[in-house]
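Quick notes on the structure that follows.
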Amino acid sequence: MVKWIVLGVFGFFVLMVIILLAVAVGSYNGLVRQSQAVDSQWAQVQNVYQRRADLVPNLVNTVAGAANFEKSTLVEVTDARASVGRVTIDQSHAPDDAAKLQEFQQAQGQLGNALSHLMVVSEQYPQLRATENFAELQAQLEGTENRIAVERGRFNDVTQSYDTSIHSFPGALFAGMFGFRDKPYFTADQAAQTAPSVNFPKF
């Protein structure tokens, strides 16, 4: 009788260990998939930001050809693009450091604001806006800005799902053990909420 009780208790503990291992493996695999989804979406964000950066030289060269165009605006755009390049961030993995993401977002926001300002100033140069090259670049830039907003939104969605998982049962039991940490989100760009202002010269 005692023997069967011992075997029963032993079997119960073995079963619990098996269940615990199964839960741990399932949680680990799930967190890996979600972490990879965040990294994959981060790569998409990087792609659209790079596409915008690649448009800047052609846009600046096109605008620079306009007579009497504000040189300070071109310098602002060029400097903002350069500041983006100075922010070093791993393009293959989403950042774990909120401060690093904030630095990246700030530099990208500065470039976005400079480009918006350039477009506002260009309103005073109808001959420039009538050129086919400028119109094409403007359309590409507008499309890219839309893609940036979409991809950033998707990044926040997958990051929120991942962060929720590592703080929910059963992921919370194993996330720290396996080295899974919170990942930061993009935040609303306050500067983007306000249209750029510019004082046009009086002719």
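Averaged over its residues, the chain has an accessible area of 60 Å² per residue, based on protein heavy atoms and a 1.4 Å probe. Which whole-number percent is the relative contact order of segment 1-116 (Cα, under 8 Å, 6+ apart)? Worked out over segment 1-116, it gives 27 percent.
Return a whole-number percent for the relative contact order of the chain, with Cα pairs under 8 Å and 6 or more residues apart as the contact set.
33 percent
As a calculated quantity, the FRET efficiency between Ala149 and Arg33 at R0 = 41 Å, using C-beta atoms, amounts to about 0.95. Between the Cα long axis of helix 98-122 and the first principal axis of the chain there is an angle of about 30°, rounded to the nearest 10. Across segment 50-132, C-alpha contacts under 8 Å between residues 6 or more apart give a mean separation that, scaled by the residue count, equals a relative contact order of 33 percent. The aspartates and glutamates whose alpha-carbon is closer than 18 Å to the alpha-carbon of Lys71, local same-chain residues fewer than 8 away aside, are Asp79, Glu123.
In this simple spin-label model, placing a label point 7 Å from the Cα along the Cα-to-Cβ direction at both Thr131 and Ser72 gives a separation of 2.3 nm. Think of the chain as a dipole: +1 on every Lys or Arg Cβ, -1 on every Asp or Glu Cβ, centred on the Cα centre; then among Ala66, Leu141, Val84, Val84 lies furthest on the positive end. Relative to the first principal axis of the alpha-carbon coordinates of the chain, what is the inclination of helix 71-86, with its axis defined by its Cα atoms, in degrees from 0 to 90 and to the nearest 10? So the helix axis and the longest Cα principal axis differ by about 20 degrees.
Could you tell me the calculated FRET efficiency between Gln160 and Glu103, based on Cβ-Cβ distance and R0 = 30 angstrom, to the nearest 0.05? Taking R0 as 30 Å, the efficiency between Gln160 and Glu103 is 0.90. How much FRET efficiency would the formula 1/(1 + (r/R0)^6) give for Asp182 and Trp4, where r is the Cβ-Cβ distance and R0 is 45 Å, rounded to 0.05? The calculated FRET efficiency here is 0.40. By how many degrees, between 0 and 90 and to the nearest 10, does the Cα long axis of helix 2-64 differ from the longest principal axis of the chain? Value to nearest ten degrees: 10. The slack between Ser168 and Ile18, meaning 0.36 nm per residue of separation minus the straight C-alpha distance, is 51.9 nm.
The values are calculated or read from the model by the stated rules, or taken from the named source; none is laboratory data. As the structure is a prediction and not an experimental result, all values here were calculated from the model. Note that we place each Cβ from the backbone using ideal geometry, even for glycine, and neighbour counts take in every protein chain shown. The area values use the complete protein model at the heavy-atom level, side chains included, leaving out ligands, DNA and RNA. Shrake-Rupley method; radii C 1.70, N 1.55, O 1.52, S 1.80 Å.
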